[in-house]
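Notes follow once the structure below has been shown.
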Amino acid sequence: MALWEFKNLNKHGNYRTRIIHTNGALSIPGSGFGHSIFARRFKYKYEHPVMPPTIFKHNGKTYLMPIWKEVIDGTTVDDIEWVKPKPKVKQEPVIETHTSSSSADKTYKTVYYPDSGKFYCDCPGRWRAFDNRCKHIKELELKVNK
Ligand SMILES: [Zn+2]
């Protein structure tokens, strides 16, 4: 069982598109359809992050649930392409640790926050630099902007 998107050129030279349901392989109907026929496996697109699509029959009609989209009779969940929207991933900060050049037990942390594009460093050089960008930040900038 499968759904097919089926196009054929009618006598006016226009393409007609239909979704048809077949049991087994697609059989092209007789000569009345002309010689320009296009068919491909068709799937309904369904978008939802977590709820799986289901098929529900009601009053002789077939619906794709839970969005109540009417689909052709014979549609099964195999004919549904479940598109899961990608959740926005929070980007993890980039953290570097530097040892102070004047005393080995002092370390400074340099952080880059990709979400905001901001840099942070807790070394004293940051306060000396007129633009608050110490050498660590400048180094990290070069790395992340590669
Ligand atoms: Zn620094």
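The values are calculated or read from the model by the stated rules, or taken from the named source; none is laboratory data. A quick note: this is a predicted structure, and the numbers were derived from the prediction, not measured. Every residue, glycine among them, receives a Cβ derived from its backbone with ideal geometry; neighbour counts consider all protein chains shown. For the accessible areas, the whole protein counts, side chains as well, though only heavy atoms, and no ligand, DNA or RNA atoms are used. Shrake-Rupley method; radii C 1.70, N 1.55, O 1.52, S 1.80 Å.
Quick grid of which residues meet (1) farther than 28 Å from Pro49 by Cβ; (2) not acidic (Asp, Glu):
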| site | (1), (2) |
| --- | --- |
| Val71 | no, yes |
| Pro87 | no, yes |
| Glu92 | no, no |
| Thr99 | yes, yes |
| Ser102 | yes, yes |
| Tyr108 | yes, yes |
| Ser116 | no, yes |
| Arg128 | yes, yes |
| Glu141 | yes, no |
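Does region 120-143 contain at least one residue that is without any contact (Cβ under 8 Å) to a residue 24 or more places away in the chain and either away from the ligand (no atom under 16 Å from the Cβ) or hydroxyl-bearing (Ser, Thr, Tyr) (or both)?
Yes: region 120-143 contains one or more residues that are without any contact (Cβ under 8 Å) to a residue 24 or more places away in the chain and either away from the ligand (no atom under 16 Å from the Cβ) or hydroxyl-bearing (Ser, Thr, Tyr) (or both).
Picking from Phe38, Phe6, Phe56, which residue would you name as being at pLDDT 85 or above, part of a strand (DSSP E or B), touching a Phe, Trp or Tyr at 6+ places or on another chain (Cβ under 8 Å) and not β-branched (Val, Ile, Thr)? Quick ask: steps written out before the conclusion?
Values: Phe38 fails: at pLDDT 85 or above; Phe6 fails: at pLDDT 85 or above.
Step by step, each of Phe38, Phe6, Phe56 is checked, and only Phe56 is at pLDDT 85 or above, part of a strand (DSSP E or B), touching a Phe, Trp or Tyr at 6+ places or on another chain (Cβ under 8 Å) and not β-branched (Val, Ile, Thr).
List, please: which pairs have Cβ atoms under 6 Å, are six or more places apart or on different chains, and start with a residue in region 61-86 that is touching a residue at least 24 places away in the same chain (Cβ under 8 Å) and over 13 Å from Lys45 (Cα atoms) and end with one that is open to solvent by less than 10 Å² (accessible area, probe 1.4 Å) and assigned to a strand (DSSP E or B)?
Asp73/Thr62
Take the conditions exposed (fewer than 14 other Cβ atoms within 10 Å of the Cβ) and closer than 28 Å to Asn8 by Cβ and apply them to Arg128. Does it pass? Before the answer, list the steps.
Values: exposed (fewer than 14 other Cβ atoms within 10 Å of the Cβ): yes; closer than 28 Å to Asn8 by Cβ: no.
So Arg128 fails the test.
Name the residues in region 80-101 that are more than 16 Å from the ligand (Cβ to nearest atom), of a type in the set (Val, Ile, Thr) and either part of a strand (DSSP E or B) or surrounded by 12 or more Cβ atoms within 10 Å (Cβ to Cβ) (or both), would you?
Taking region 80-101 and keeping what is more than 16 Å from the ligand (Cβ to nearest atom), we get 80-92.
So of that shortlist, the ones also of a type in the set (Val, Ile, Thr) come out as 80, 83, 89.
Within region 80-101, Ile80, Val83 meet the criteria.
Go through region 102-117 and report how many residues are within 14 Å of the ligand (Cβ to nearest atom), open to solvent by 50 Å² or more (accessible area, probe 1.4 Å) and either under 30 Å from Lys88 (Cα atoms) or part of a loop (DSSP other than H, G, I, E, B) (or both).
Pass one, region 102-117, residues within 14 Å of the ligand (Cβ to nearest atom): 102, 106-112.
Now narrow it down to the ones that are open to solvent by 50 Å² or more (accessible area, probe 1.4 Å): 102, 106-107, 109.
Remaining after also requiring either under 30 Å from Lys88 (Cα atoms) or part of a loop (DSSP other than H, G, I, E, B) (or both): 102, 106, 109.
Going through region 102-117 one residue at a time, the tally reaches 3.
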